[in-house]
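Here's the structure we're looking at; comments come further down.
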Amino acid sequence: MTEDIQLEGATFADLEAYRGELQLHCYRIVGSVQEAEDLVQEALLAAWRSLDRFEGRASLRNWLYRIATNRCLNALRDGARRPLTSPVPPDTPEPPSPTRLADPLLYEPYPDTLLEGIELPEARYEQREAIGLAFVSGLQRLPPRQRAALVLHDALGFSARETAEMLGTTEVAANRLLSRARAGLPPLDADLAPVPDSRQERELVARFVTAFEAGDIGGVLELLTDDALLTMPPAPLEYEGPDAISRFLSTVPAAGKLELFRLVATRANGQPAFGCYLRDPHTPIARAYGLMVLTLRANQIGGITGFADTSVFRPFGLPRTIPA
C-alpha cells in the first residue's frame, strides 16, 4: 500500500504513486482494463488540477479513491461503454444449446503483471479472492453503488464512515448498500484453488495444455469437476458439466479441431490463463483467437472462461501472431 504523501510541494509524479492500486480499484468497478486505465488517468488529472483546493479533512489516498470511485460511477451511469457484444472469429459454427442462459456481463481479465507491487490492507476478502474472476464477475451483477461500496469496504478495508464519505452518502445508507451487495454476491471458493505457481498448479495446467493442443477432448474432460462451468462473457451462454462442455468443445472452437490451437501461458486475476492462437492453414503462423482463464479446485478444473475479444491481448503483452 502506498504511504500517504505530504501535500506541500506535491508533484504529479507523487500522485502517480497511487496509479497501480487505483487502476485495480477502477477495474473491479467497471470490469475493463482499458476503461480502468482511462478513468485513473482522468482521476489523477482532476486531482492535480484540484490539489490546491484539497482541504486535508481526509488523507490524500482517501481523496484520490473518492475521485476515482466517482469517475467510475459517472462512467457507468452515463452508459458510454462498449456494447454487450464480442467479436466472433470468422467461420465459427453455431454453438450447441447451452445448459442455461444468464444475464450478459461485460468484464475482461486483468493481467497479473499489473498486480505486481500493489499491497493493500487486510480486509473482509483476502487479496487473492478480491481479484479472482468469480469476485469480479459477481461485482458486475450488482448495481454500481452497491458494487463500489463493497469494493471500498470489503476489498480495500475502508471503514463504513470513509466509504460513505467517498460515495457522498450517510453511514447508514452505506451500510445498507453493503448489506444488499453482500447478499447479491455469489459465494467464493478461492481457498479451494492450489497455491499459484505451486507444483500442484503447474502439473494440472500442463496436463490441460497437453490434452487441449493434442485435440484430446476426452483428456480435457477428465480434468473437469462434475459441475465445471464454461462461460464466454459477455455472451449469455453457460455450459455446465463435462457433457455440456464436451458438446461445446466438439463444435465451436475451430469446429472442434482443438489440435489447431497453440496455447501461450500467462496469468489473469491470479489464475492460470492462456493466449489462444489458431494456426493459419496457408502460412506458418498462428493468429490471436482469444484468451482463456482457468478456475482451479484442488486437482481439477472448475471453470473455463473464454474471452473472444483479442483486444485484451495488449495489456497482457501477447503478440497478435506467433510461429505455428
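The values are calculated or read from the model by the stated rules, or taken from the named source; none is laboratory data. Only a predicted model underlies this, so the values are computations on that prediction, with no experimental measurement involved. Cβ coordinates were reconstructed from backbone atoms using ideal geometry, including for glycine residues, and neighbour counts include every protein chain displayed.
Set side by side, the residues PRO253, PRO319, PRO272, PRO281 differ, and just one is farther than 28 Å from LEU192 by Cα and surrounded by 22 or more Cβ atoms within 10 Å (Cβ to Cβ), which is PRO253. Any idea how many residues of the stretch 71-116 are at pLDDT 90 or above, under 20 Å from the mean Cα position of the chain (by Cα) and polar (S, T, N, Q)? Looking only at that region, the number is 1. Scanning the stretch 132-141 finds one or more residues that are in a loop (DSSP other than H, G, I, E, B) and more than 18 Å from GLU35 (Cβ to Cβ). Of the listed requirements (1) farther than 12 Å from PRO95 by Cα; (2) assigned to a strand (DSSP E or B); (3) in contact with a helix residue (DSSP H, G or I) (Cβ under 6 Å, 6 or more places away or on another chain), TYR289 misses just one: (3). Residues of the stretch 144-185 that are in a loop (DSSP other than H, G, I, E, B) and either under 25 Å from the mean Cα position of the chain (by Cα) or of a type in the set (Ser, Thr, Tyr) (or both): LEU156, GLY157, PHE158, SER159, THR169, THR170, LEU185. Given the condition surrounded by fewer than 20 Cβ atoms within 10 Å (Cβ to Cβ), outside the structural domain of LEU296 (by TED's automatic domain parsing) and under 25 Å from ARG267 (Cα atoms), answer yes or no: does some residue in the stretch 141-162 qualify? Within the stretch 141-162, one or more residues are surrounded by fewer than 20 Cβ atoms within 10 Å (Cβ to Cβ), outside the structural domain of LEU296 (by TED's automatic domain parsing) and under 25 Å from ARG267 (Cα atoms). Screening LEU15 on (1) modelled with pLDDT of 95 or more; (2) within 24 Å of ARG161 (Cα to Cα); (3) buried (at least 19 other Cβ atoms within 10 Å of the Cβ) shows it passes everything except condition (1).
The lone criterion from (1) over 20 Å from SER97 (Cβ atoms); (2) surrounded by 18 or more Cβ atoms within 10 Å (Cβ to Cβ); (3) more than 18 Å from the chain's Cα centre (by Cα); (4) not basic (Lys, Arg) left unmet by ASN299 is number (2).
Take the conditions more than 22 Å from the chain's Cα centre (by Cα), outside the structural domain of ALA265 (by TED's automatic domain parsing) and either of a type outside the set (Lys, Arg) or in a helix (DSSP H, G or I) (or both) and apply them to ALA206. Does it pass? Against the criterion (more than 22 Å from the chain's Cα centre (by Cα), outside the structural domain of ALA265 (by TED's automatic domain parsing) and either of a type outside the set (Lys, Arg) or in a helix (DSSP H, G or I) (or both)), ALA206 does not qualify. Residues that are in contact with a Gly (Cβ under 6 Å, 6 or more places away or on another chain), among the small types (Gly, Ala, Ser) and closer than 24 Å to GLY138 by Cα do occur in the stretch 223-240. Here ALA36, ALA47 are screened, and the one residue that is among the small types (Gly, Ala, Ser) and closer than 24 Å to PHE135 by Cα is ALA36. Residue check: is VAL220 buried (at least 21 other Cβ atoms within 10 Å of the Cβ), hydrophobic (A, V, I, L, M, F, W, C) and modelled with pLDDT of 95 or more? Judged against the criteria, VAL220 is a match. Assessment of the stretch 180-191 against the conditions (touching a strand residue (DSSP E or B) at 6+ places or on another chain (Cβ under 8 Å), of a type outside the set (S, T, N, Q) and within 27 Å of LEU263 (Cβ to Cβ)) yields at least one matching residue. When you scan the stretch 193-200, do you find a residue that is assigned to a helix (DSSP H, G or I) and assigned by TED's automatic domain parsing to the domain that holds ASN299, even just one? Yes, the stretch 193-200 contains at least one residue that is assigned to a helix (DSSP H, G or I) and assigned by TED's automatic domain parsing to the domain that holds ASN299.
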